[in-house]
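The structure under discussion appears below in the form of structure tokens.
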Amino acid sequence: MMAAGKDSSRRARVAQAMRNHLAEMLVTGAVHDPRVNKVGLIGVNHVELNQDMSGARIWVSFIIEDETLIADAMRGLEAAAGFLRGPLGRRMNLKRAPQLRFVHDQSPEFLQRLAQIREEDERGR
């Protein structure tokens, strides 16, 4: 039983580190796809690794509301997933970097946080 607990805590640590590295890579322009760059800032909200850490789901969010641009950016991220996998694995010293799958995060918590940011921005003008 102890091995399962160690495994899940390691997976959680790797997922958190992966989230941080991917966020940094997206901010620093590691993806050159114009569909991705057109949307501006992309938030990496959550990373979930499968049991054997061979695959990762990455929940991303966007400040913009244009669904067409978001759909294009998601296609761009999926196209860049293989490109990001190598550098990510090397940054994290992983023997095998997981397959990356991007998911548009539209969770109520994120949408509420985004509404608060917009409201504060409007008050600040």
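The values are calculated or read from the model by the stated rules, or taken from the named source; none is laboratory data. Since the model is a prediction, treat every value here as computed from it, not as a measurement. Positions of Cβ are backbone-derived with ideal geometry, glycine not excepted, and every protein chain shown enters the neighbour counts.
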Cβ-Cβ under 8 Å, sequence separation 6+ or interchain: first residue in region 76-87 and in a helix (DSSP H, G or I), partner loosely packed, with under 13 Cβ neighbours inside 10 Å. Which pairs? G76/P34
Pairs, first under 14 Å from F102 (Cβ atoms) in region 14-41, second of a type in the set (D, E, K, R), C-beta under 6 Å, six or more apart: R35/D72
Condition set out of contact with any strand residue (DSSP E or B) (no Cβ under 8 Å at 6 or more places or on another chain) and among the polar types (S, T, N, Q), scope region 1-19, selection modelled with the lowest pLDDT: answer is S8
When only residues in region 29-38 that are at pLDDT 90 or above and under 14 Å from the mean Cα position of the chain (by Cα) count, which is farthest from D105 (Cα to Cα)? V31
Is it true that A97 is free of Cβ contacts under 8 Å to residues at least 24 places away in the same chain and either in a helix (DSSP H, G or I) or in contact with a Cys (Cβ under 7 Å, 6 or more places away or on another chain) (or both)? no
